[in-house]
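Step one of this worksheet: look at the structure below.
The values are calculated or read from the model by the stated rules, or taken from the named source; none is laboratory data. All values derive from a computational prediction rather than experimental measurement. Here Cβ is always computed from backbone atoms with ideal geometry, including for glycine, and neighbour counts include all displayed protein chains. Quick note on the areas: whole protein, heavy atoms, side chains included, nothing else; ligands and nucleic acids left out. Shrake-Rupley method; radii C 1.70, N 1.55, O 1.52, S 1.80 Å.
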Amino acid sequence: MKNKTVKRVASIVAIVLVIGFFSSYIIYHLVNQSNTEIKTEFALKETVYKTIDAECFVIRDEKFIRNDAVGTSVSFVIDGERVARGDTVSVVFNSSEDAASYLKAQELKKNIEHYEELSGQANFQPLNISSLTKKINSELTDYLDSVDTRDFNDAISYVEMFRDSVTGKQIATGKALDFSKKLVQLNEELSSLNSSSLEFTEIKTENAGYFISGSDGYEKTLSFDEIDDLTVKSLKKAIKSKPQKIASDIVGRTVSSFKWYIACVIDTDKTVDISDDKKIYLNFPESGIEKLPVKVHKIGDRTDKETVVIFSCDEMNENLSDFRIEKIEIITDEYAGFKISNSAIRTVDGEQGVYIVRGNLMGFRKIKVVYTTDDYSIVSNPENDSGYIKLYDKVVTEGVDLYDNKLI
């Protein structure tokens with residue numbers, strides 16, 4: 001009887017152990033499965049913009065520069081550069097050979113001036129080599145950045161400054177550099193070019209302003225003087241119009257007014273985000289120009305579904321001078337904070353926040369939503385509060401059975 005009792009107890013213990021093992025196994029895998037379902041992303045700072053998409057027509061106070069000279073033209077001024085009345089913007093040579101000789105002579109003069117300046121530095125020792133090295137590194141970075149942004153005029157300037165700084169450092173560190181032979185060679189080449197007379201016609205401006213070469217055929221489509229009379233119909237017609245035929249004697253334009261206009265048609269209900277007292281910026285996605293500062297010149301009467309909105313700008317450069325009919329993004333608001341997926345946002349005890357993973361523990365962090373889209377939100381940590389989200393927090397975007405101080 002005693003043996004039967006012992007066997008029965010042993011059997012019960014064995015069953016309990018087996019059940020306990022399988023229960024632990026099942027619980028382990030359930031917990032492990034729960035943990036493997038957790039997906040996270042880092043809380044990173046980002047700035048996003050609220051924008052209105054539109055198509056615009058650019059209107060400038062443009063006056064043609066005309067000349068019927070025939071031949072090869074050499075420009076003296078880049079587009080968007082300021083010129084005075086009577087300035088020579090280009091010269092036209094009778095032949096391409098004469099034009100090439102002229103350009104070569106200008107290059108030689110520039111090189112002679114460069115080497116003469118370096119010769120004057122040969123006896124000068126800069127005291128701070130470290131500052132010169134920093135200058136070299138900065139100019140190299142500026143050159144690479146300008147190449148990356150395809151601003152080749154700046155690239156040429158930066159590479160010339162970089163070359164001069166490197167040569168200056170060679171002189172400063174005691175390297176013997178003799179430019180006399182190079183100067184003799186350059187002067188001989190220049191003398192041979194100057195021995196032949198070059199025939200050319202000068203193209204001069206009749207008005208002061210920004211210079212733009214050639215014509216795009218849209219200068220007369222909309223009148224600069226009637227900018228305030230634009231209607232939705234006339235502006236839409238201009239945007240869809242074809243360029244006019246360009247006269248053969250037009251060689252360029254001067255933009256007399258410092259201020260030029262960007263006119264567009266947008267849905268009337270979107271104009272509530274545009275006002276005179278707000279800072280407005282424009283992006284030109286197809287040209288890679290971002291956050292061009294503009295002012296609101298005029299908003300239409302808003303009586304129909306669509307309204308004319310006109311912006312003014314007083315900045316000008318080579319890239320801006322090429323604008324006419326462009327796709328734009330009107331930046332009406334700017335939001336900065338931590339960008340997180342909307343799936344991460346939860347409400348716990350009436351507080352909006354997210355769960356984060358730190359080590360092997362889960363924690364709840366509050367957030368303040370400043371901007372939201374269908375997919376993500378920009379959230380902030382007001383006054384750097386310790387209970388709120390922080391930079392580089394590992395935010396849980398997917399998971400089940402989430403709670404504060406959960407062991408994972």
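Within the stretch 222-264, being touching a Lys or Arg at 6+ places or on another chain (Cβ under 9 Å), hydroxyl-bearing (Ser, Thr, Tyr) and within 18 Å of Glu326 (Cα to Cα) holds for one residue alone: Tyr261. Only one of the listed residues (Val395, Val370, Val357) is out of contact with any Leu (no Cβ under 6 Å at 6 or more places or on another chain), touching a residue at least 24 places away in the same chain (Cβ under 8 Å) and over 16 Å from Glu37 (Cβ atoms). That residue is Val370. Restricting the search to strands (runs of 3 or more DSSP E) fully inside the stretch 45-126 and requiring at least 1 residues that are at pLDDT 80 or above and open to solvent by 40 Å² or more (accessible area, probe 1.4 Å) gives 62-66, 72-75. Taken together, the residues in the stretch 371-407 that are part of a loop (DSSP other than H, G, I, E, B), among the acidic types (Asp, Glu) and more than 11 Å from Ile340 (Cα to Cα) amount to 4.
For every residue, the table says whether it meets (1) modelled with pLDDT of 95 or more; (2) under 28 Å from the mean Cα position of the chain (by Cα); (3) open to solvent by 40 Å² or more (accessible area, probe 1.4 Å).
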site	(1), (2), (3)
Glu329	yes, yes, yes
Met362	no, no, no
Tyr376	yes, yes, yes
Val379	yes, yes, no
Gly399	no, no, no
Tyr403	no, no, yes
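In a residue-by-residue description of the stretch 258-279, the property of being within 30 Å of Val92 (Cα to Cα), at pLDDT below 95 and touching a Phe, Trp or Tyr at 6+ places or on another chain (Cβ under 7 Å) applies to no position. Summed over the stretch 242-267, residues that are in contact with a His (Cβ under 8 Å, 6 or more places away or on another chain) and small (Gly, Ala, Ser) total 0.
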